[in-house]
Amino acid sequence: MSDPINIGSVDDIPPGEARVLDGDDNSTGVDISVFHAEDGSFYALDDECTHEEASLADGFIEDSQVECPLHAAAFCLKTGKALCLPATENARTHRVEVRDGELYLYPGEPATTQA
Amino acid sequence: MESVIVVGGGLGGFTAVQQLRGRGFAGRIAVVDPEGVPYDRPPLSKEFLAGSIDAEQLLFVEPHWFAERGVDVYAAAATAVDLPDAEDDDGRVAVTLSDGGRLTADRIVFATGGKPRALPVPGGDLDSLLVLRTRADAEKLRAGLVPGARLAVIGGGLIGAEAASAAHRLGVEVTLIDPVDPPLVPAVGPELAGRLHAMHAAAGIRVLAAAPSEISVRDGVHELAFGDGIGPVSADVVLVGIGIVPNTALAEAAGVEVDGGILTDDAQRTSHPRAWAVGDCTRPRLGDGSPGRRAEHWESAMHAGTAAAAAMLGQEPPAQTASWFWSDRHGVHVEGVGDMTAGDTTVTRADASGNVQAAFRLAAADDGHRVVGAAAVDGGVAIRVARRMIDRGTAADPARLADPAVPYKQLLK
Ligand SMILES: Cc1cc2nc3c(=O)[nH]c(=O)nc-3n(C[C@H](O)[C@H](O)[C@H](O)COP(=O)(O)OP(=O)(O)OC[C@H]3O[C@@H](n4cnc5c(N)ncnc54)[C@H](O)[C@@H]3O)c2cc1C
Ligand code: FES
């Protein structure tokens with residue numbers, strides 16, 4: 001497992017928005033998006049939709065789901081579960097922790113709840 | 001209920017199967033489709049035509065998915081369906097297959113989709129005219145799209161525009177022909193229809209606002225003739241994309257009520273208690289019993305498959321939501337939601353370069369306005385917000401809808 005990366009303060013990502021951490025800047029080599037769900041929690045998934053090529057960070061975040069900006073497949077932010085077609089493959093989750101108002105991402109380490 | 005036969009393995013049929021299993025149905029499921037393992041159609045006029053994805057990537061799921069879940073896939077057409085007497089609780093549904101096989105079950109789902117409408121002019125029935133509905137159609141079309149080939153696309157709607165765009169990018173000389181200028185006004189409203197249609201000419205596609213009156217072919221070259229002083233168009237390949245006719249013959253012959261589509265209620269029940277129907281082959285029966293408008297979009301087929309599975313299992317179907325579609329051409333992503341022909345006024349919002357990005361169709365309400373439809377070019381968030389405003393009946397402020405300084409999501413607050 002890799003070391004956590006401090007990706008900034010909780011205030012950097014407003015609720016309902018997401019930020020992408022470039023694959024070059026994390027040990028997994030793929031882009032990871034960190035979502036600030038409307039329930040106040042932070043979650044991280046591989047940024048690329050499991051259906052085709054779209055950035056989930058550009059998706060529509062509501063409750064604890066993100067809807068892909070291209071064909072509207074929805075993923076659970078907590079578990080990565082693909083909730084509807086056209087996605088049939090779950091998204092990979094990564095652990096995110098908030099400590100002293102700072103966000104720490106554990107690239108490659110699954111979030112605790114699994115799909 | 002112990003067994004279900006799904007006739008048609010397109011999106012509607014596949015979703016019904018996926019949802020039946022996902023919702024806990026452990027009985028026998030058979031999918032019958034001459035196309036074999038279910039695959040998705042939208043890429044046929046986009047990535048698959050362009051050659052950027054292959055046949056395997058069209059599949060909803062890999063073939064072993066079906067075997068692992070005890071779903072039998074029959075690569076055959078259903079040629080006849082016998083429904084039991086509606087009152088007979090023990091009667092079985094019987095389906096005859098094109099390979100001579102015969103299947104029986106407690107329930108049937110008609111998910112037969114549609115077939116391309118033929119061009120109603122002399123020569124409109126030539127074997128060499130191509131259509132785009134199946135993987136084989138797309139493969140045949142793609143084989144003709146060699147650089148320098150001349151392609152005439154008849155019909156500038158969703159599929160015609162996408163195929164024209166993909167072909168143009170492959171170096172084909174494209175002529176796009178549609179008597180309506182611009183097409184797609186009912187789907188996206190006049191503002192965006194105009195912007196989208198203009199992209200064809202801007203890309204270098206020849207656009208003709210005309211309807212061919214006759215098509216002939218000699219030595220592999222087609223000639224399209226036009227009435228009103230427009231010179232003939234020669235083309236090596238002709239694609240006809242002027243809409244679909246729902247595949248209802250099988251259901252109709254089985255005695256199910258059909259009126260321009262298999263009539264269904266909002267749980268996708270047909271007039272027969274053992275038969276459900278989903279997707280492009282259906283037409284909704286409205287509350288007052290009159291037939292409504294056919295959907296013909298990807299997402300509505302998925303929702304219908306879900307609703308049918310839920311209803312067959314006696315479960316609550318998911319809440320209804322405004323209809324939604326997308327289309328990709330010339331590098332832009334188009335989406336529409338709700339009904340752009342309803343309501344009384346349109347409000348538009350411009351993007352950073354001053355182009356219309358989103359159009360919202362509004363209906364007057366006692367306390368202001370409600371969104372009834374919306375369309376956008378590269379404006380997915382606008383559409384997701386508009387859909388929620390339609391579904392929730394959120395009051396809409398036209399000035400805020402139009403103001404680029406107001407983030408779309410704020411409109412829900
Ligand atoms: C090229 C193309 C591009 C599209 N792009 C978009 C898009 O970008 N956005 C969008 O929203 N929608 C799009 N659509 C529309 C969308 O794909 C359809 O609405 C959707 O496929 C409907 O699903 P369906 O299951 O009702 O029908 P289909 O997908 O047509 O499936 C019906 C199936 O039934 C089978 N069948 C028919 N008769 C029989 C029989 N007698 N026995 C057994 N099987 C039978 C057929 O072989 C077929 O596989 C597109 C459609 C096409 C063709
Ligand atoms: S790319 Fe995400 S749903 Fe298609």
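The values are calculated or read from the model by the stated rules, or taken from the named source; none is laboratory data. Computed from a predicted model, the values in this text were never measured in an experiment. Virtual Cβ from ideal backbone geometry, glycine too; neighbours counted across all protein chains shown. Side chains are part of the model used for accessible areas, which takes the heavy atoms of the whole protein and leaves out ligands, DNA and RNA. Shrake-Rupley method; radii C 1.70, N 1.55, O 1.52, S 1.80 Å.
A dipole drawn for chain B from +1 and -1 charges on Cβ atoms has a positive end, and of B:LEU184, B:ALA295, B:GLY380 the residue lying farthest that way is B:GLY380. Solvent-accessible area per residue in chain A equals 45 Å², computed with a 1.4 angstrom probe and all protein chains kept. For chain B, the mean projected area of the C-alpha convex hull, equal to one quarter of the hull surface, is 22.3 nm².
The P(r) of segment B:194-251 has a tail past 12 Å containing 76 percent of all C-alpha pairs.
Centre-to-centre, using Cα atoms only, segment A:1-47 and segment B:316-347 are separated by 31 Å. Taken along the Cα-to-beta-carbon direction at a fixed 7 Å, the label points for B:ALA225 and B:ASP125 span 1.8 nm. I need the shape label for segment B:1-133. Rule: rounded when a/c is under 1.5, else prolate if a/b > b/c, else oblate, with a, b, c from the alpha carbon gyration tensor. In terms of gyration-tensor shape, oblate.
Whole-percent P(r), segment A:5-106, all Cα pairs, 10 Å bins from 0: 18, 53, 26, 3.
The label-point distance for B:ARG28 and A:GLU17, in a model that sets each label 7 Å from Cα toward Cβ, rounds to 5.7 nm. Okay, which of segment B:115-131 sit inside 13 Å, backbone N to the point 7 Å along the Cα-Cβ direction of B:ALA149? Under cut-off, by backbone N: B:129-131. Taking all Cα pairs closer than 8 Å and separated by 6 or more residues, the relative contact order of chain B comes to 15 percent. For segment B:370-388, a decrease in accessible area of 20 Å² or greater in the assembled protein chains relative to the isolated chain, with a 1.4 Å probe, applies to B:VAL381, B:ARG384, B:ARG388.
Buried area at the B:A interface is about 1500 square angstrom, summed over both chains, from accessible surfaces computed with a 1.4 angstrom probe.
Applying the Kirkwood pairwise sum to the alpha-carbon positions of segment B:121-240 produces a hydrodynamic radius of 14.5 angstrom. At an R0 of 30 angstrom, the distance between the Cβ atoms of B:ARG218 and B:VAL332 translates into a FRET efficiency of 0.20. The modelled label-to-label distance for the pair B:ALA118/B:ALA86, using points 7 Å beyond Cα in the direction of Cβ, is 3.4 nm. From the alpha carbon centroid of segment A:58-115 to that of segment B:363-413 is 26 Å.
Using the Cβ-Cβ distance between A:SER64 and B:ALA249 with R0 = 41 Å, the FRET efficiency computed as 1/(1 + (r/R0)^6) comes to roughly 0.35.
Under 29 Å of direct C-alpha separation, and excluding same-chain neighbours fewer than eight residues apart, B:LYS409 reaches these lysines: A:LYS78, A:LYS81. For B:ASP366 and B:GLU316, the difference between the fully extended length at 0.36 nm per residue and the C-alpha to C-alpha distance is 14.8 nm.
Anisotropy class assigned to segment B:242-304 is rounded, per the alpha carbon gyration tensor with a/c under the 1.5 cut-off. Take the alpha carbon gyration tensor of segment B:331-412, find the square roots of its eigenvalues, order them as a ≥ b ≥ c, and report rounded if a/c is under 1.5; if not, report prolate when a/b exceeds b/c, else oblate. Since a/c reaches 1.5 and a/b is larger than b/c, the shape of segment B:331-412 is classed as prolate. Ordered from highest to lowest accessible area with the whole protein assembly present and a 1.4 Å probe, B:TYR39, B:TYR408 read as B:TYR408, B:TYR39. Over all projection directions, the Cα-based convex hull of the protein assembly as shown averages an area of 27.6 nm².
Hey, can you list the residues from segment A:37-81 whose accessible area shrinks by 50 Å² or more with all protein chains present, relative to the chain by itself (probe 1.4 Å, no ligands or nucleic acids)? Residues meeting the cut-off: A:GLU52, A:PHE60, A:GLU62, A:GLU67, A:LEU70, A:HIS71.
Remark: relative contact order (chain A) = 26 percent; criterion is Cα-Cα distance under 8 angstrom and separation of 6 or more residues. Loop-located GluC sites (Glu not before Pro) across segment A:49-100 with a Cβ neighbour count of 11 or fewer within 10 Å are A:GLU53, with loop assigned by DSSP.
Basic side chains Lys and Arg get +1 at the Cβ, acidic Asp and Glu get -1 at the Cβ, and with that the dipole of the protein assembly as shown about its Cα centre reaches some 820 debye. Using the Cβ-Cβ distance between B:ALA267 and A:SER55 with R0 set to 45 Å, the FRET efficiency from 1/(1 + (r/R0)^6) comes to roughly 0.80. Were the residues from B:ALA201 through B:THR96 laid out at 0.36 nm apart, the gain over their Cα-Cα distance would be 32.9 nm.
As a fraction of the 1.4 Å probe accessible area of the protein assembly as shown, surface on carbon and sulfur atoms comes out at 48 percent.
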